[in-house]
Amino acid sequence: MLRKVLKWTGGILGGIIGAVLIFYFVMRIVVNNKRDKTYTVEVRMLSIPSDSASVAEGAHIYAIKGCGDCHGKDLSGKIFVNDPMVGVISGTNLTSGKGGRPAGYSDKDWLMALRHGLRPTGKPLLIMPSYEYYKMSDHDVAHLVAYLKSVPPVDHAVEEPSIGPMGTILSGLGKLPLIPAEMIDHSHQAAQTVEKTATAEYGKYLSMSCSGCHTPSMKGGDSPIPGGVPVRDISAAGNLGKWSLGEFQVVMRTGKTPDGRQLKNEDMPWEMTRQYTDMEIEALYRYLKTL
């Protein structure tokens with residue numbers, strides 16, 4: 001009798017293991033097909049300035065878009081997730097130093113990455129949140145590229161992104177935004193400029209940088225980073241609805257909430273948002289209060 005039970009139990013376990021392996025390999029095929037896809041897009045070229053004022057404006061955009069969280073303050077790149085199950089998630093070296101962008105990297109190549117989430121070959125970049133950038137105005141994208149091109153070379157080779165078993169499954173199920181190119185409307189025509197004033201309209205434009213974690217509705221949900229803490233609702237229905245503009249400014253600049261909590265930067269990147277100007281914070285606040 002015991003032998004029959006053990007045989008029966010072993011058969012069930014074997015069936016479960018087999019089903020799990022089949023599921024994993026299906027997810028792996030799905031993800032690999034997405035990674036191998038070549039996109040054909042029409043890149044609308046922009047005139048990239050090079051004067052010091054434009055470069056400075058681009059540096060501010062780099063700071064408030066959180067680019068440094070992945071690529072580093074000096075643009076030399078870094079690894080920000082290193083987990084055997086999830087994988088290695090890294091930001092590349094964007095400078096022209098060793099391990100960085102290749103010689104001859106053109107304005108078109110910058111625009112392919114920022115607006116389409118693609119390599120110069122048309123293959124998709126991994127993780128790069130171009131779905132937050134492709135709607136940026138021509139003015140802002142051009143000034144951001146001006147800054148990226150101006151940074152001195154730094155020699156630093158960063159390990160290429162690689163996806164582990166759990167990362168593969170999460171990506172295959174659409175829970176990990178591995179392929180930004182598939183989340184972008186590649187025919188989108190961005191505005192040439194956006195009026196930068198303390199209005200809800202401008203706040204909506206700025207909120208693109210919040211949408212990757214808080215979702216476009218700003219209602220939050222599961223963390224986009226496997227194992228991360230749930231993302232809070234920052235619409236008027238959440239705590240923000242109870243905060244004054246002054247309290248919101250403190251949160252954005254220090255991570256300290258009115259109820260006495262100290263937010264971790266890895267959960268809420270206040271080291272990034274503290275670089276917003278007073279006007280930008282007010283505009284974002286005005287927009288979030290409308291939701």
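Descriptive notes on the structure:
- Percent RCO, i.e. relative contact order, over the range 52-183, from Cα pairs under 8 Å lying at least 6 residues apart: 34
- Kirkwood radius for the range 52-183, taken over all pairs of different Cα atoms as the inverse mean of 1/r, rounds to 15.2 Å.
- Farthest towards the positive end of the charge dipole of the chain, among the residues His156, Val229, Ile16, is the Cα of Ile16, using unit charges on the Cβ of Lys, Arg, Asp and Glu.
- Neighbour counts of other Cβ atoms within 10 Å put Ser96, Ser235 in the fewest-to-most order Ser96, Ser235.
- Overall, the anisotropy analysis places the range 120-254 in the oblate class: the square-rooted eigenvalues a ≥ b ≥ c of its C-alpha gyration tensor yield a/c not less than 1.5, with a/b not exceeding b/c.
- In sequence order, the range 110-116 has phi-based couplings of 4, 5, 4, 6, 6, 9, 10 Hz under the Karplus curve 6.51 cos²θ - 1.76 cosθ + 1.60, θ = phi - 60°, and Gly or Pro positions carry x.
- Three-way shape call for the chain based on the alpha-carbon gyration tensor, with the a/c threshold at 1.5: oblate
- Cα Rg, Dmax, the range 176-274, angstrom units: 15.0, 45
- Using only side-chain charges placed at the Cβ, +1 for Lys and Arg and -1 for Asp and Glu, the dipole size of the chain relative to its Cα centre rounds to 1160 debye.
- With K and R counted +1 and D and E -1, the other residues having a Cβ less than 13 Å from that of Ala237 yield a net charge of +3.
- All other residues whose Cβ lies under 13 angstrom from that of Val31 are scored, Lys and Arg at +1 and Asp and Glu at -1, for a net of +3.
- Computed from Cα atoms, the angle from the helix 52-64 axis to the main principal axis of the chain rounds to 40 degrees.
- Exposed-site-free run, longest, the chain (rule: GluC sites (Glu not before Pro); DSSP loop; at most 15 other C-beta within 10 Å): 43-158
- Sum of -39500 (n - 2.57) over DSSP H runs of 4+, divided by residues of the chain (222 nm, nearest 500): -13000 deg cm²/dmol
- Phi angles of the range 201-206 translate, via the Karplus equation with coefficients 6.51, -1.76, 1.60 and θ = phi - 60°, into HN-Hα couplings of 4, 5, x, 4, 4, 5 Hz per residue; Gly and Pro are given as x.
All of the numbers you see were taken from the coordinates with simple rules; none came from a lab. This is a predicted model, so every value here is computed, not measured. Cβ: placed from backbone, ideal geometry, glycine included. Neighbour counts: every protein chain shown.
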